[in-house]
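The next block holds one structure in the form of structure tokens; read it before the comments.
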Amino acid sequence: MTENMKVAVIGQGTMGAGITEVFAKAGFEVHAVDNSEAALERGRSIVAKSTGRAVSKGKMSEEDQQAVLDRITYFTDTAQAVSDCGLIIEAVFENLELKQSIFKTVDEAAPADAILATNTSSLAITAIAAAVSSPERVVGVHFFNPAPVQTLVEVIRTVFTDDAIVAKLVELLKGLRKSPVVVNDRAGFIVNCLLVPYIGSAIYLYENGFATREEIDKAMVEQAKYPMGPLALADLIGNDVCLAVLEKMYDETKDRVQAPAPILTRLVMANMMGMKTGRGFYTYEGGKPTEDRGPIRRPLQSRGVEIHDRLVGEYLNNCVKMVQSNYASVDNIDTGMAEGCRMPKPFEVLKELTPKRVLEIVEGIYAETGEPGHRPAHLLRQLAEADDQAAAIDELRAATAEAHSSNPRG
Ligand code: CAA
């Protein structure tokens with residue numbers, strides 16, 4: 001991989017434009033692709049606004065901003081754009097047929113040694129790879145929103161992917177000062193598998209009148225110290241993206257707890273995708289929420305539920321289940337949530353709250369709902385029963401770091 005390698009980013013929506021900015025800022029020549037001049041214009045203005053903010057804060061000079069913008073060339077012809085690129089990242093909306101057709105074009109038009117990556121958050125990378133003649137060079141490269149800010153990038157290998165491609169990509173991402181974490185292809189990967197069900201649970205509590213929109217968001221910001229509340233975060237990510245991830249997870253697990261709440265599907269039907277369309281759980285003007293009352297008004301029902309305990313308890317139980325299923329190490333989950341979402345490291349939070357207390361919360365939720373998806377993880381019970389719970393978490397961290405240093409593909 002040479003320093004003057006060109007990078008193509010196909011799709012100039014929120015994520016595609018953010019990824020374009022990341023590479024252009026790092027000095028790469030970027031070919032930004034979309035299917036219309038209007039879509040390209042939108043991408044151009046996202047990058048101009050984001051870098052403009054850095055200039056106005058004195059973090060970038062106007063000359064540097066211009067140099068970043070000058071490194072980006074805009075194309076509507078995908079084959080032409082990728083013909084001399086060493087890395088192609090597709091970031092169009094979540095439609096498998098569309099992505100497969102783009103990958104077929106790219107597979108034919110790109111140089112033979114180019115890496116073909118997709119930023120999909122909800123589709124199987126394997127299904128995209130299977131559509132091309134050289135699936136061994138197809139890989140997932142999953143950035144987080146806002147891409148210029150969040151340092152985590154999940155690198156997803158399939159049963160086809162060449163290890164050398166993964167290693168090259170990991171080195172390249174480290175050079176961009178990102179923190180790559182390599183995982184196998186499974187619904188939600190690490191972060192969305194933990195984050196989006198948490199958002200889904202918050203939506204469920206909201207729709208069922210457990211608390212107001214503001215109360216839910218405030219509880220998670222003030223008590224859990226998350227950078228933003230789950231409903232505001234759904235609006236930032238896009239309700240369409242949250243819905244696609246939940247549907248995929250539900251399809252793969254058949255766990256009813258993952259099923260999207262009706263209000264989420266209705267917001268998407270109504271094109272209320274969140275910040276990008278100006279309305280979602282909140283209504284936005286100039287990128288900031290206004291004082292409206294949100295999509296539903298329900299009398300507040302008092303069910304004796306503490307929002308923070310409930311959402312954190314479910315989320316930590318899911319983190320422990322992920323370790324138990326041997327998908328990721330404690331370290332990778334901590335890094336994923338801290339660097340992808342700027343949330344406190346979940347296993348540090350577990351230590352602080354204690355597995356015993358979290359088990360008590362989760363048992364309460366399970367008793368109330370009877371949903372198998374809310375059953376406490378065996379491993380959570382083991383940690384809660386340890387003589388020294390903090391030491392048991394440390395041992396788990398060390399053991400899983402060791403086991404995942406040679407993580408098998410699958
Ligand atoms: N583009 C570029 N930069 C942005 C930005 C954007 N859209 N939004 C904010 N920033 C930058 C700001 O310029 C600022 O930079 P400096 O520190 O260099 O000045 C920094 O981010 C902090 O911004 P603000 O001070 O304006 O606001 P904040 O401190 O409240 O942070 C936030 C805003 C970065 C969005 C923060 O609230 C956050 O990290 N929230 C969590 C977001 C999250 O969880 N993202 C992951 C979602 S999951 C996903 O994306 C994957 C998927 O597939 C669904």
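Values in this text are rule-based calculations from the coordinates and carry no lab data. Keep in mind that what you see is a predicted model, and the values were worked out from it rather than measured. Neighbour counts run over all protein chains shown; Cβ positions are idealised from the backbone, glycine included.
Annotations for the structure displayed:
- Using only side-chain charges placed at the Cβ, +1 for Lys and Arg and -1 for Asp and Glu, the dipole size of the range 1-128 relative to its Cα centre rounds to 520 debye.
- When the inverse distances between all different Cα atoms of the range 174-300 are averaged and flipped, the Kirkwood radius reads 15.3 angstrom.
- Given the chain, longest segment not containing exposed loop GluC sites (Glu not before Pro) (DSSP; at most 11 other Cβ within 10 Å): 4-290
- Positive-end residue of Ala261, Met60, Ser179, charge dipole of the chain with Cβ unit charges: Ala261
- Label-point separation, Ser36 to Thr283 (7 Å along Cα→Cβ), nm: 2.6
- In the chain, helical runs assigned H by DSSP with n ≥ 4 each contribute -39500 (n - 2.57); averaged across all residues and rounded to the nearest 500, the mean residue ellipticity at 222 nm is -16000 deg cm²/dmol.
- Restricting the trypsin sites (Lys or Arg not before Pro) of the range 11-92 to loop positions (DSSP other than H, G, I, E, B) with no more than 16 neighbouring Cβ atoms within 10 Å leaves Lys57, Lys59.
- Note on Asn4 and Val221: the model spin-label points, each 7 Å out from Cα along the C-beta direction, lie 4.8 nm apart.
- The calculated FRET efficiency for the pair Asp251 and Val159, based on their C-beta separation and a Förster distance of 22 Å, comes to about 0.70.
- The range 190-404, dipole about Cα centre (Lys/Arg Cβ +1, Asp/Glu Cβ -1), debye to the nearest 20: 700
- Highest GNM mean-square fluctuation among Lys178, Lys254, Lys321, for the chain modelled with Cα contacts below 10 Å: Lys254.
- Kirkwood Rh in Å, taken over the chain so that all alpha-carbon pairs contribute: 22.1
- Contour minus Cα-Cα distance for Arg266 and Asp292 (0.36 nm per residue): 7.5 nm
- Tensor-based shape of the range 331-389 (alpha-carbon gyration tensor, a/c under 1.5 rounded, otherwise prolate or oblate): oblate
- Relative to its Kirkwood radius, the Cα radius of gyration of the range 190-404 gives an Rg/Rh of 0.97.
- Inter-label distance, Ala367 to Leu98: 4.8 nm, where each label sits 7 Å from its Cα along the C-beta direction.
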